[in-house]
1. With the Cα gyration tensor of the range 375-438 giving a ≥ b ≥ c as the square roots of its eigenvalues, does the rule (a/c under 1.5 for rounded; else a/b larger than b/c for prolate; else oblate) give rounded, prolate or oblate?
2. So between residue 341 and residue 65, what do we pick up on full extension, going 0.36 nm a residue minus the alpha carbon distance?
3. Roughly how many nanometres apart are two label points built 7 Å out from the Cα toward the Cβ at residue 151 and residue 429?
4. Placing one identical point scatterer on every Cα of the range 100-154 and ignoring solvent, what is log10 I(q)/I(0) from the Debye formula at q = 0.19, 0.29 Å⁻¹?
5. In the range 62-182, if every C-alpha pair distance is counted and binned at 5 Å from zero, what percent goes to each bin?
6. For a quick protection proxy, order the peptides 194-203, 161-170 by their average other-Cβ count within 10 Å, most packed first.
7. Fully extended, how many nm does the chain gain between residue 298 and residue 390 (0.36 nm per residue separation, minus their Cα-Cα distance)?
8. Taking neighbour counts of Cβ atoms within 10 Å as a proxy for exposure, in what order, fewest first, do 156, 62 appear?
């Protein structure tokens, strides 16, 4: 009889929330179904969208509902912003929303529908704007290139029944498209004197992933990263599309472990999807299953992790200033982390592999052999929990960081929560009170 499966220890935080400034919250209600998308429109406005087909524009400072946009009859599958033709001001954003029924362009200032597109042959799963080429792309069973006037410039033939799940722009008028487990490189050919029309050329198909690609993100001008359903992370050269670095996991039990350890390590492959990335100049931050991993681009290895950062799969992460990270999960929690440096002793072995260094991977067959020591100290890091935001009753789909205006989260509970810096809000209320008293002449009453 196998021993009872012991649940992995989850990081917890007490009443002392460390460096968490978000101690006040505003609950925003307008949706009737899962809210999956948040998009920032400018310094104080954002839009929300989801399975009810409604788009709502909000004031991030006050929580006021500014506009409610209705034009879809089915759930919204992608949202993106772009500038109109006659404006270069960031405050004059247009909103592009896609659904199985149509794609609609909205004026975010008036709520007016600019135009509809209904000629898609399949659901649009992703959208991308290529500012330099002044076009936008739609990804579904084919790849479409559109002008800002919503004219279809060109498209590919039917690629796959699974469709394009993600797109990123890369140099050379190219885009990388995730289609199942394939990564397809397309080149956009712009009109010339000889060629009067736009065209899309399939340049290369990359088959390095063993399962479906779930996440795709640009790192910088020369590299991008992909993550798959079975815990693979691949960093690609954006210029020649070769693999710069690759980390894979091998989730298999080993005979050297006792039964209890074997159960812990024998996880199903669908428990380790790479759901989302955040990047900076030094690191790739990866949400892998329930865990958070910091992959250093220079060292080409994981330098910090929390294997059980949440109780369920992490859906969205983002890096904040001051070496902080925020994650949200299917468990309904939003958590704040800080990347802290620590010194690794010279006598310690250098861990290798994406998960092997944290005890997740296949045990080295030569584990009993002496390990070569490092010649010098290596700086590594830890991820420390500094804040736990509890407010949603269901899966938190994503969030937006609004700097001084706080943090916005959306959830399967149909709610949007605007998290505020309690100390800052208290100071603003005091300031307003003093201003009001001063206006009314009550701040410095005349002596009798």
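Only the coordinates and a few stated rules stand behind these numbers; no lab work does. These numbers come from a predicted model, not from an experiment. A quick note on method: Cβ atoms are made from the backbone with ideal geometry, for glycine too, and the neighbour counts reach across all protein chains shown.
1. Since a/c reaches 1.5 but b/c is at least a/b, the shape of the range 375-438 is classed as oblate.
2. Between residue 341 and residue 65, full extension yields 95.2 nm more.
3. Simple spin-label model gives 5.6 nm for this pair.
4. -0.68, -1.29
5. Values per bin, smallest distances first: 2, 10, 21, 24, 20, 13, 7, 3, 1, 0.
6. Sorting 194-203, 161-170 by mean packing, highest first, produces 161-170, 194-203.
7. Once the chain is fully extended between residue 298 and residue 390, it gains 29.5 nm.
8. So the residues, fewest neighbours to most, are 62, 156.
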